[in-house]
Amino acid sequence: MTLYHVNLPWTSFPRSPLTQLDVKLSPGFPNTPPLGGIEQLIAVLASCPMLEHLSLHHCLPSTPPTLNCFTVNLPRLRRLDLMDTSNEITRMLEHLKLPPSSSLEIHCVNLTTQGSPTSVLPFIAAHFSRPEAVTLRSLYVTHHASSRRLFEIFEITAYYTLPGPEGHTFHDSDLDLHFEVEHDSGMLSGIVQRTFAVLPFADIEYYNVLASENMQPIDWSQLRHRCSKIADMRAIGRGATTLLKEINPPQAAVPRPSSSNTTSRGKGKEKGQGREAPQAAPSAVAQLVPFPKLTLLYVKEIDFSQQVPGGEGTTFNTVKNAMERRKQCGIQLTELEIVGCVITANQARQLSRFVREFAWDEDQGRPEHSGYMTTSRSRSNEEEPEMTWHSFLMSRDEDERRWMENYYSD
């Protein structure tokens, strides 16, 4: 059963064993007559134990139940799709019992400082923390602004599988989480920190960030503390530069060189010299180095002359110092790929010394060279892979990409 822009009270819904229920209103849609309270909505769902797909957009009850409202069990639900304010979504989740195999699509919109913008996170964390639930292994993060820059949007998409070539995935996501806040409200930083602190991302191995330019920089420190299994990291867009500084080990992790100085006559060692400086055990070094399993770093559409907030100067210096320190710690990257970035040939050559496999398209930020790749391993005899839907989508500008996503999802 599908209702778009139809203001039908919950009491008028048929009590029949539906397998799909989609009720979608637009923001600000006149709620006259009112659909009803959460008691009426729960009664409708209780009559649908065979429900497999539930989608409710901008129609969730805005007031708490007047009576003790029971929890409805939906044992066959495959996907739950909710779009409303975080308070309304949280209230709905409190009255739903879902199987651990259910995928979640949660859109928290019109968030304000008066509400609880992250109140949905404990319910999501509890759902994916159950022993029977899938383990999230791939994570895509997008940070951008709405078309008129009225809202700042932070989106998370997670999968239990690892992506194929070009980052392409072959099934629906297991988690879609969307936060929309007023632009420049200062709320997003706290939301991001809370999201990575609460959600079960400890087993993430593939991490992809797409961030627009001129956005407020995001603090990714929670990611570095909790996601130690990441092996493949991709930073796309000039807003993703703050992610690159997180791969840099602290100075305390870098082994200090031993001293073996002798006296001026060469007869033995001076007192206090010649002894090796205390070295941290390999296991201790591994604990200090962020993302100890990271082997591949992919960087796209980033200006290496751009200053990194909280970093070590420019993006180039931040990345170079990080790769040098990782090599000194014995936990270095093996592959670096640079695409569509503003970077000089000399800078690219310096970075190539820290990895076994290096790929660069040589465009130096100039569009006439975009797409041509040179690598440290020959690819002349390899066939170029066909462009996948994901790579095609990522090559479009923001407005065109969002239009295509909405068009093909309907």
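Looking at region 162-173, which of the residues that are within 15 Å of the chain's Cα centre (by Cα) and modelled with pLDDT of 75 or more is farthest from ALA133 (Cα to Cα)?
PRO163
Which residue pairs have Cβ atoms closer than 6 Å, lie 6 or more positions apart in sequence or on different chains, and pair a first residue in region 227-239 that is among the charged types (D, E, K, R) with a second residue that is surrounded by 20 or more Cβ atoms within 10 Å (Cβ to Cβ) and part of a strand (DSSP E or B)?
Close Cβ pairs (under 6 Å, with a partner that is surrounded by 20 or more Cβ atoms within 10 Å (Cβ to Cβ) and part of a strand (DSSP E or B)) amount to ASP232/TYR206; ARG234/ASN208.
Is it the case that region 122-133 has a residue that's modelled with pLDDT of 90 or more, crowded, with 16+ Cβ neighbours inside 10 Å and within 17 Å of the chain's Cα centre (by Cα)?
So far as region 122-133 goes, yes, one or more of its residues are modelled with pLDDT of 90 or more, crowded, with 16+ Cβ neighbours inside 10 Å and within 17 Å of the chain's Cα centre (by Cα).
For region 241-251, indicate whether the set of residues that are open to solvent by less than 10 Å² (accessible area, probe 1.4 Å), in a strand (DSSP E or B) and at pLDDT 80 or above is non-empty.
Taking every residue of region 241-251 in turn, none turns out to be open to solvent by less than 10 Å² (accessible area, probe 1.4 Å), in a strand (DSSP E or B) and at pLDDT 80 or above.
Take the residues in region 1-51 that are of a type in the set (Ser, Thr, Tyr), open to solvent by 50 Å² or more (accessible area, probe 1.4 Å) and over 32 Å from the mean Cα position of the chain (by Cα); name whichever of them is modelled with the highest pLDDT.
Across region 1-51, the extreme among qualifying residues is THR11.
So which residues in region 61-87 are of a type in the set (A, V, I, L, M, F, W, C) and at pLDDT 85 or above?
VAL72, LEU74, LEU77, LEU80, LEU82, MET83
Can you tell me which condition SER55 does not meet? The list is (1) buried (at least 21 other Cβ atoms within 10 Å of the Cβ); (2) modelled with pLDDT of 85 or more, and all the others hold.
(1)
If you check every pair at least six apart or on different chains, which have Cβ atoms under 7 Å apart with a residue in region 115-135 that is free of Cβ contacts under 8 Å to residues at least 60 places away in the same chain first and a residue that is open to solvent by 30 Å² or more (accessible area, probe 1.4 Å) and outside any loop (DSSP other than H, G, I, E, B) second?
As it stands, the answer is GLY115/ASN87; SER116/ASN87; SER119/ASN87, since those pairs meet every condition given.
Counting just the residues of region 330-352 that are in a loop (DSSP other than H, G, I, E, B) and open to solvent by less than 20 Å² (accessible area, probe 1.4 Å), which one comes out farthest from ILE302 (Cα to Cα)?
So the residue we want is LEU333.
The values are calculated or read from the model by the stated rules, or taken from the named source; none is laboratory data. Note that the coordinates shown come from a computational prediction; the quantities given were computed from them, not determined experimentally. Backbone-built Cβ (ideal geometry, glycine too); neighbour counts: all protein chains shown. Side chains are part of the model used for accessible areas, which takes the heavy atoms of the whole protein and leaves out ligands, DNA and RNA. Shrake-Rupley method; radii C 1.70, N 1.55, O 1.52, S 1.80 Å.
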